[in-house]
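These notes are about the structure you will find just below.
Bear in mind these aren't lab numbers, they're just calculated from the coordinates by the rules spelled out. No experiment lies behind these values; they were computed from the predicted model shown. When we count neighbours, we look across all protein chains shown, and the Cβ atoms used for this are built from the backbone with ideal geometry, even at glycine.
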Amino acid sequence: MSTAIEIENGEAAADGVPIAEASRVLRVPMPTLRSWELRYGIPESARVPGKHRRYSPQEMHTLRLMRDEIARGTRASLAAQSVRTLLGIDGPAAELIRAFLDASTRLDTDGVRAELARATEVLGLDGCIDEVLLPALRQIGQWWEAGRCDINQEHLTTEAARAWLDRSTAYAPPPTRRNPIVLACGPGDLHTIGLEALALLLRHKGWPCRLLGAHTSTMSLTTASVAAAAAGVVIVAHLPTGRRRALASLTAVDDLKIPVFYAGNAFSSARRRLQIPGTYLGNRLQDACTVIDSALSARGTI
């Protein structure tokens, strides 16, 4: 029998994962899995009537997204809409995501950047980031975990996206605010591209940004925030193992009376956000940008 890790990595038998095994791996009851498919079309199914339900690696990915959305407190019907949009099943981003992924598969870094430029023309900068860039990168990450692409494709695509963000930032309007916003990963977190994208959106709101990057210690964060006279601080933590250290950073910044904002999977459920100082930013970067800008503007921060 395949192990849970093998199934999570998409290495199950060619004919798919049985529903009982999917239920065990995802920790979702079988009646709930059946309900998601019957009521919301999650995942979309081409199953032949009378055959036992088996899930492909892509369908397992869809179910995992649905599970995670509901764990964040989203109602099932809205979670299904979010998952369909995220996967590009519907909405104007679908073709743009496919083109991005095709360029990634060809290892065409110029093509990746060109598709992001096209997505910006079609959806605007906010839409490009939330509806194309981040969902496509998550899909490539899933492919890598499932063995459908190698680490070179993942790295090349990420660096192409980062180059596009750098170029877009260079052409952003000059800041109109004096005090910067400091952005950092929690001490246990590595990936910065979401913070880079958020910094770009904040630049378009007139905010100067200081990106401290991965594995930012609490001391480094507080020292940099005081030295910069930060208008606000954003901390992102995705790994549950890094939540405690990220919380220490949030508390330290809050003690300095600097507005602090946070996001990431480590805080995805309402239970994980109990008694945490600061403002939770949610999952969409354009909404996070609006929350930060409105909060700091309301304080009269310039």
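Could you grab the relative contact order for region 181-298? Cα pairs under 8 Å, six or more apart, rounded to a whole percent. Intermediate results must be reported in sequence, preceding the final value.
Numbers: 215 pairs, mean separation 32.3, N = 118.
Computed over region 181-298, the figure is 27 percent.
From the convex hull of the Cα coordinates of the chain, what is the mean projected area in square nanometres? Projected over every direction and averaged, the Cα hull of the chain covers 16.3 nm². By other beta-carbon atoms within 10 Å, ranking Val234, Val291 with the fewest at the front produces Val291, Val234. For region 228-295, the alpha-carbon radius of gyration amounts to 1.04 times the rule-of-thumb value 2.2 N^0.38 Å expected for a compact globular protein.
The modelled label-to-label distance for the pair Thr32/His204, using points 7 Å beyond Cα in the direction of Cβ, is 3.6 nm. This ranking places His191, His52 by how few other beta-carbon atoms lie within 10 Å of each, fewest first, which gives His52, His191. Using equal-weight Cα scatterers in the Debye expression, the normalised intensity of region 52-139 in log10 at q = 0.14 Å⁻¹ is -0.53.
Find the all-direction average of the projected area of the Cα convex hull for region 93-170, expressing the result in square nanometres with one decimal place. Provide the component values of the computation, followed by the final result.
On the way: hull surface 17.6 nm².
Taking the Cα atoms of region 93-170, their convex hull projects to 4.4 nm² on average.
For region 95-134, what mean projected area does the convex hull of the alpha carbons give, in nm²? Taking the Cα atoms of region 95-134, their convex hull projects to 2.3 nm² on average.
Set the Förster radius R0 to 30 Å, insert the Cβ-Cβ distance between Ala76 and Thr290 as r into 1/(1 + (r/R0)^6), and round the FRET efficiency to 0.05. Walk me through the numbers before you get to the answer.
Values: r = 26 Å, r/R0 = 0.87.
That pair, Ala76 with Thr290, gives E of 0.70.
Using the Cβ of Ala266 as centre and a radius below 11 Å, the other residues enclosed give a net charge of +4, where K and R count +1 and D and E count -1. Projecting label points 7 angstrom from Cα along Cα→Cβ for Arg106 and Ala227 puts them 4.5 nm apart.
Extents of region 181-298, largest first, come to 34, 29, 25 Å (Cα atoms, principal axes, whole angstrom). Looking at the chain alone, DSSP beta bridges between its own residues are antiparallel in about 10 percent of cases.
From a point 7 Å beyond the Cα of His215 in the direction of its Cβ, which residues of region 243-274 have a backbone N at a distance under 17 Å? Residues 243, 245-246 qualify, since their backbone N sits under 17 Å from the label point. Of Lys205, Lys257, the sequence from fewest to most neighbouring Cβ atoms within 10 angstrom is Lys257, Lys205.
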